[in-house]
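Notes follow the structure.
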Ligand SMILES: [Zn+2]
């Protein structure tokens, strides 16, 4: 699957538990259509006590979220937008904002 979301994009959650939250994409899994973003879909991992330490610990981490629940936030106009693929004069395909037609960060 070819994704319209890339690393370092800002995305907003549009449905589910984290609806309304916004964060920067840190990891993309194109084959599964999953994305990991800062502060979104946080889970707590409970670690058992290891040898040497008496107590276990909890580690908070961001779990992958399906892209259907995410919308890209345009850095130019600040709104959530659909991504349009357009061809630049040099023939390269670039991603642009559906609303303001400004190119999104590469
Ligand atoms: Zn825009």
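Readers should treat all values here as calculations from the given coordinates under stated rules, not as data from a laboratory. The shown structure was predicted, so the numbers you read here are calculated from the model rather than taken from an experiment. Positions of Cβ are backbone-derived with ideal geometry, glycine not excepted, and every protein chain shown enters the neighbour counts.
If you rank 34, 65, 42 by fewest surrounding Cβ atoms within 10 Å, what's the result?
Working: 34 17, 65 21, 42 13.
Ascending number of Cβ neighbours within 10 Å: 42, 34, 65.
Report the relative contact order of the chain, percent, no decimals, based on alpha-carbon pairs under 8 angstrom and at least 6 residues apart.
Numbers: 210 pairs, mean separation 22.9, N = 106.
After rounding, I find 22 percent.
Quick check on the exposure proxy: order 21, 7, 51 from fewest to most C-beta atoms within 10 angstrom. Numbers along the way, then the final one.
Details: 21 16, 7 13, 51 4.
Ranked by crowding around the Cβ, least crowded first: 51, 7, 21.
Would you mind telling me which residue in 37, 63, 49 has the biggest mean-square fluctuation in a Gaussian network model of the chain, where springs connect alpha carbons within a distance under 10 angstrom?
49
What distance in nm separates the simple spin-label points at residue 50 and residue 79, each placed 7 Å from Cα in the Cβ direction?
Using points 7 Å along Cα→Cβ, the separation is 5.0 nm.
The range 71-106 to the range 1-52: how many Å between their Cα centroids?
22
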